[in-house]
Amino acid sequence: EKGTYPHYMLKEIDEQPLVMRKIIQTYQNEQGELTIAPEIINAMNDSDRVYIIAAGTSYHAGLVGKQFIEKIAKIPVEVHVASEFGYNMPLLSDKPLFIFISQSGETADSRAVLVSVKELGHRTLTITNVPGSTLSREADYTLLLHAGPEIAVASTKAYTAQLAVLSILAEVTAKSRNYTLGFDLVHELGIVANAMEVLCDSKELIEHISREFLSVTRNAFFIGRSVDHYVGLEGALKLKEISYIQAEGFAGGELKHGTIALIEEGTPIIALATQESVNLSIRGNVKEVVARGANPCIISMKGLEMDEDSFVIPEVHELLTPLISVIPMQLIAYYAALHRDCDVDKPRNLAKSVTVE
Ligand code: F6R
């Protein structure tokens, strides 16, 4: 039930701090350590390469998940859009592990890949929000998101839950290999949950930003570098699916290779700057588009902010910034849809689970 909320989407955005705490709790053992079924960790350790298969928002979570698994557990990862995987199946490694990320656990494109890799005898893990879903039943192993039912068509809390579970999978794998991490994930995810709360309390400011940048425009661009690019892709998807504003996400460095031709007087550019290593270069990209008339909305992280920024998110561990920076993306899209009188929870032409290929 959506209770006092006008839309499920807003309720589900607001549930993110709670979901984060639920995940931390559920994946902790009595000693307070993160834990995952040993057979899943063995499957990670037995594999020489992980293949993440997903669609839409779950694919965007996979792009960030690759960073977690490669940086924390040091296993190479490829991320594939489910519907494309079958056409040009990559040359597989000797011991692949396939991870299917799916909120619903019913996405037909992902299932088609699951069926074909099972036929080849490969191991499979599904990360899903729905226990007993098709992808969960058919895979060797399942990790649950514990996000509670997601009703709004636009996925929000499932995305951040997917990132949290992927980070835990990476961490538990790394610990099993005796890698020193240099940070305590339980603690860092707790900081994330608190930061999410701060963001959920910043709705007025974000509504204002959404009105300022998106109320009249026909299009919008999201730029970022490194993981910020992946969050930009998700921001663009959220915006287009519920507000029908044509939106695209780009790597900051790719702008000058074509897309910059589309920048006109007033074109909104939403730029993410949460990574110290690319802070100056993304700001360089913002200058390039501003020189061509763009209207820049810079969303940065505390410690990296500059005077011209529109919104500053609280500081979290640099690997975990996508769990936080996506929330202004979700809220900007929500308010853009609201201001345009769109049906927020049930956008046209979309269904919550896509069970046809
Ligand atoms: C976007 C959205 C879709 C889904 C995609 C995959 O907000 O909801 O892009 O993410 O259809 O769905 P699942 O995760 O259920 O496999």
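What order do you get for Glu171, Glu119, Glu70 when you list them from fewest to most C-beta neighbours inside 10 Å?
Values: Glu171 25, Glu119 8, Glu70 14.
Ranking Glu171, Glu119, Glu70 by Cβ neighbours within 10 Å, fewest first, gives Glu119, Glu70, Glu171.
Round to the nearest 0.05 the FRET efficiency obtained for Ser277 and Asn42 when R0 = 35 Å and r is the Cβ-Cβ distance.
Numbers: r = 34 Å, r/R0 = 0.97.
The pair Ser277/Asn42 has a calculated efficiency of 0.55.
Any idea what log10 I(q)/I(0) is at q = 0.30 Å⁻¹ for the stretch 247-305, Debye with uniform C-alpha scatterers and no solvent?
Taken in order of the listed q values, log10 I(q)/I(0) reads -1.39.
Considering every pair of different Cα atoms, what Kirkwood radius, in Å, is found for the stretch 221-357? Write out the running numbers ahead of the final one.
On the way: mean 1/r = 0.0651 Å⁻¹.
Value: 15.4 Å, from the Cα pair sum.
Scattering from the C-alpha atoms of the stretch 82-186 alone, worked out with Debye: what is log10 I(q)/I(0) at q = 0.11, 0.12, 0.15 1/Å?
Listed by q, the Debye log ratios stand at -0.39, -0.46, -0.71.
If the viscosity is 0.692 mPa s and the temperature 37 °C, what Stokes-Einstein diffusion coefficient in µm²/s follows for the stretch 1-155 when Rh is the Kirkwood radius over Cα pairs? Don't skip to the end; give the middle numbers.
Numbers: Rh = 16.4 Å.
My calculation gives 200 µm²/s for D.
What residues from the stretch 209-238 fall in the zone where the backbone N is under 18 Å from a label point 7 Å along the Cα-to-C-beta line of Lys203?
209-212
As an exercise, identify the trypsin sites (Lys or Arg not before Pro) in the stretch 214-275 lying in DSSP coil whose Cβ has no more than 12 other Cβ atoms within 10 Å.
Details: sites: Arg218, Arg225, Lys238, Lys240, Lys256; in loops: Arg218, Arg225.
Counting only loop positions with at most 12 other Cβ atoms within 10 Å, the trypsin sites (Lys or Arg not before Pro) in the stretch 214-275 are Arg218.
Considering every Cα-Cα pair within the chain, what fraction, in whole percent, is farther apart than 34 Å? Provide the component values of the computation, followed by the final result.
Details: 14544 of 63546 pairs.
Looking at the chain, the distances longer than 34 Å represent 23 percent of pairs.
Taking the stretch 316-357 on its own, what percent of its Cα-Cα pair distances exceed 16 Å?
Details: 488 of 861 pairs.
Percentage above 16 Å: 57.
Hey, what number do you get for the chain at 222 nm if only DSSP H runs of n ≥ 4 count, each worth -39500 (n - 2.57), divided across all residues, to the nearest 500? Don't skip to the answer; put the middle values down first.
Working: 13 runs with 157 residues, N = 357.
My calculation for the chain gives -13500 deg cm²/dmol from helical runs alone.
On a 29 Å Cα-Cα criterion, which of the cross-link pairs Lys71/Lys203; Lys66/Lys352; Lys2/Lys302; Lys66/Lys95; Lys175/Lys240 come out too long?
Table pairs above 29 Å Cα-Cα are Lys71/Lys203; Lys2/Lys302; Lys175/Lys240.
Placing unit charges on C-beta atoms (Lys and Arg positive, Asp and Glu negative, everything else neutral), compute the dipole magnitude of the chain about its Cα centre in debye, rounded to 20. List each step's numbers first, then the result.
Numbers: 31 positive and 46 negative charges, 91 e Å.
Approximately 440 debye in magnitude.
Binning at 5 angstrom from zero up to the longest distance, how are the C-alpha pair distances of the stretch 1-77 distributed in percent?
P(r) over the stretch 1-77, rounded to whole percents: 3, 12, 13, 18, 21, 15, 9, 6, 3, 1.
Read-outs throughout are calculated quantities, based only on the coordinates presented, and are distinct from any laboratory measurement. Predicted model only: the values in this text are computed from it and were never measured. No Cβ is skipped: glycine too gets one built from the backbone with ideal geometry, and neighbour counts run over all protein chains shown.
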